[in-house]
Amino acid sequence: MDKRVETQAHAAPLTHADIRSILIGVMVAMFLAALDQTIVATALPTIGRDLGDVTHLPWIVTTYLLASTAVTPLYGKLADIHGRRVMLLSGIIVFMIGSIACALASNLWLLIVARFVQGLGGGGLIALAQTIVADMVPPKERGRYQVYFASVFLSSSLIGPVLGGLLAEKLHWSVIFWINLPLGLGAYWMSSAALKRLPRHERPHKLDVLGAVLMTAGTLSLLLALSWGGTAYPWGSLPILGLVCATLVLWSLFAWRQRTATEPLIPLDVMNNQVVRFGTVAAGLAMGAFIGLTIYLPLYFETVMGLSATHSGLGLLPLTCGTVIGATSSGRAMTKLKHYKRVPMVGLTVACAGTTILAMFSGRIPLAPFCVLLAIVSMGLGTLLPVATVSIQNAVRPHQLGTATAVANFFRQIGGALIVAVFGAIVLGGVGGETAHLSPEALKLGTVDRETMVSLFRYVFGSAAFGFALALLSLGLMKELPLRGGAAEAAKAAALE
C-alpha cells in the first residue's frame with residue numbers, strides 16, 4: 001500500500017491546463033451544492049401555497065441540512081478508500097436524482113423525502129472539491145485556490161435568493177430543481193475526464209459501518225434538537241431533552257467505537273492531530289458566528305433600522321463580500337509569508353473588536369457606518385478560512401486528505417448549527433430579562449418594539465465577539481507547520497509529525 005502512495009507522490013506534476021480543467025469541474029460541482037442552500041428559501045411561500053401545506057415548510061430546509069451534514073465525513077473517508085473521482089461523480093448523480101424527485105413531488109412530504117436524498121448527494125461535494133485541490137496543488141500554493149471557493153459561495157449567496165424567488169413567481173417552483181440537471185451534467189462531464197489525471201493516494205481499507213451509523217445517528221439527533229429547540233418545542237421540553245440525551249449516548253458510543261475498532265471511521269492520528277483539532281475549532285467558531293449573523297441581521301435591519309425586507313437583504317452584502325476580500329488577501333499572503341498565521345490572528349482581532357463595538361452601541365450606529373463595520377468584521381473573518389483549511393491539509397498524510405478535510409467541514413457545520421441555536425435562543429428571549437419569551441410570530445408580524453430588539457441584539461453581537469475571541473485563542477494554540485512546496489515533501493513532513 002505504501003509503495004503505491006510513494007509512486008503517486010512522485011508522478012509527473014499536473015500542468016497548469018490540467019489544474020484549470022479540474023478546477024473548473026469541481027467549482028461547478030461546488031456551486032451546485034452551494035446554490036441549492038440559498039435558492040430554495042425565497043421559493044418556500046410559493047411551494048407552501050401550491051402544495052397546500054405551510055406548517056411543515058421548514059422541513060424542506062431542515063432535511064437537506066440533516067442529510068448533507070451527516071454524510072460529509074463519510075464522503076471524505078470513502079474518497080480516501082475509493083478515490084476522489086468515484087465519490088465526486090457519485091455525489092453529483094445522487095444529487096441529480098434527488099433534484100428530479102423534488103421537481104416531480106406532488107405533495108410536501110414527498111418533497112421533504114426528495115430533499116433528504118438531494119442532501120445525501122450534496123453533502124460531500126464541497127469537502128471533496130477542497131480535497132481535490134489539495135491533491136493537485138502543494139500546500140504552499142494552495143491558499144490562492146481557496147479564493148475561488150470563496151467566490152463560489154459569494155456568487156451563490158447573491159444569485160440564489162433572487163433566482164429562487166424569480167423562478168417560483170414567474171415560472172414554477174419546480175424549475176429551481178430542474179435547473180440542477182444541466183448544472184449537474186456539466187459538472188459531471190467536466191469532472192469525469194479531468195479527474196482521471198488526478199494523483200491518487202487512496203488505500204484499500206474497510207469502512208467502519210457501525211462507527212458510521214453511530215456518528216450519523218448522533219449528528220441527526222443533535223441537529224434535530226438544535227432545529228426544534230425554542231421553535232417547535234421549548235428547550236426544556238421532553239422531546240428536546242430526549243434528543244439531547246440520545247445525542248450524548250450516541251456520541252459516547254461513537255467515541256468508544258473509535259478507540260476499539262480495528263480501522264476507525266476517523267483515524268485516531270487525525271483526531272489527535274494538534275493542527276486538525278485547533279484549526280477545526282477555530283474555523284467552526286468563526287464560521288458559526290458568521291452564519292448566525294447572516295441569519296439574524298435582516299431582523300435587526302427591519303426592526304431596529306426600519307428597512308424593508310428587500311433592503312435588509314442588501315444590507316448583508318458588506319458581510320458576504322468582505323469575506324471574499326479577506327480570504328483573497330490571506331490566501332495570497334500564505335504563498336509569501338513564513339508566519340502565515342499572523343494575518344488571520346490580526347483579522348480575528350479586528351472582527352472581535354468590530355462586533356464588540358456593535359454590541360456596545362447597538363441601535364445607535366447609523367446605517368452607513370454600521371455597514372462599514374460589518375465589512376471590516378467580515379474581512380477579518382475571511383482571513384481565517386484559507387489558513388485553517390490549508391493548515392489542516394498540510395498536517396496530514398496524502399491518503400488522509402479526504403477524511404481530514406471532510407471532518408473539518410463537518411464540524412464547521414455543527415459549529416454553525418450550535419451558534420445559530422444560541423443566537424436564536426437570545427432573539428427569542430433566552431437571556432433578555434424583561435424582554436424574555438418573545439414569540440416567532442411576534443417577530444414575523446413586526447409587533448416587537450425597537451428598544452426590545454436593541455437590547456437583545458446587544459447579546460447577539462456580544463456572543464459573536466465572544467465566538468471570534470475563542471476562534472482567535474484556538475488559532476493561537478494551533479501549531480504553525482512550514483507549508484511544503486511539493487506533494488512528496490508534504491507527505492514526508494506529515495509522516496514525521
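Each reported figure results from applying straightforward, stated rules to the coordinates on display, with no laboratory input. Since we're looking at a predicted model, the values are computed, not measured. Every residue, glycine as well, gets a Cβ built from its backbone with ideal geometry; the counts of neighbours run over all protein chains shown.
One chain, two ends: F361 and L473. Fully extended at 0.36 nm per residue, the span grows by 37.8 nm beyond their Cα-Cα distance.
Among 226-232, 413-419, sorting by the average number of other beta carbon atoms lying within 10 angstrom of each residue, highest first, gives 413-419, 226-232. Against the longest alpha carbon principal axis of the chain, how many degrees, from 0 to 90 and to the nearest 10, is the axis of helix 342-360 turned? For helix 342-360, the angle is close to 10 degrees.
Taking the number of Cβ atoms within 10 Å of each Cβ as an exposure proxy, the fewest-first ranking of M478, M190 is M190, M478. Charges on Cβ only, +1 for Lys and Arg, -1 for Asp and Glu, centred on the Cα centroid of the chain; of Q37, V324, Y300, which one is farthest towards the dipole's positive end? Result: V324, furthest along the dipole toward the positive end. Per residue of the chain, the DSSP helices (runs of n ≥ 4 H) give a summed -39500 (n - 2.57) that works out to -25500 deg cm²/dmol at 222 nm. Please give the residues of region 336-353, grouped as numeric ranges, whose backbone N is less than 19 Å from a label point set 7 Å along the Cα-to-Cβ vector of V372. Label zone hits: 350-353. The relative contact order of the chain, computed from alpha carbon pairs under 8 Å that lie at least 6 residues apart in sequence, is 22 percent.
Against the main long axis of the alpha-carbon atoms of the chain, helix 108-122 sits at an angle near 30°. Checked against a 20 Å cut-off, the cross-linked pairs K77/K338; K140/K341; K341/K479; K338/K479 give Cα-Cα distances beyond that limit for K77/K338. Packing-based ranking of 128-135, 345-352 yields 128-135, 345-352, ordered from highest to lowest mean Cβ neighbour count within 10 Å. Counting only Cβ charges, +1 for Lys and Arg and -1 for Asp and Glu, the dipole size of the chain around its Cα centre is about 1380 debye. Given a Förster distance of 41 angstrom, what is the FRET efficiency for E141 paired with S252, based on the Cβ-Cβ distance and rounded to 0.05? So the FRET efficiency works out to roughly 0.50. Stretched out straight at 0.36 nm per residue, the stretch from I295 to K206 would grow longer than its current Cα-Cα span by 28.1 nm. For T335, no residue 5 or more places off, or on another chain, has a built amide H under 5 Å of its own. Kindly express, to the nearest 10 degrees and within the range 0 to 90, the angle between helix 317-334's C-alpha long axis and the longest C-alpha principal axis of the chain. The angle comes out at about 20 degrees. Calculated FRET efficiency, S192 to D50, Cβ-Cβ distance, R0 = 51 Å: about 0.90 to the nearest 0.05. Taking all Cα pairs closer than 8 Å and separated by 6 or more residues, the relative contact order of region 56-156 comes to 35 percent. Using alpha-carbon pairs under 8 Å, 6+ residues apart, how would you state the relative contact order of region 208-264 in percent? Relative contact order comes out at 49 percent.
Put in line by how crowded their Cβ is, counting other Cβ atoms within 10 Å and starting with the fewest, T303, T389, T320 read T320, T303, T389. Extension gain, N272-S455: 0.36 nm per intervening residue step, less the Cα-Cα distance, totals 61.7 nm.
In the chain, a dipole from Cβ-located charges (positive for Lys and Arg, negative for Asp and Glu) runs towards its positive end, and of I60, Q413, L222 it is Q413 whose Cα lies farthest in that direction.
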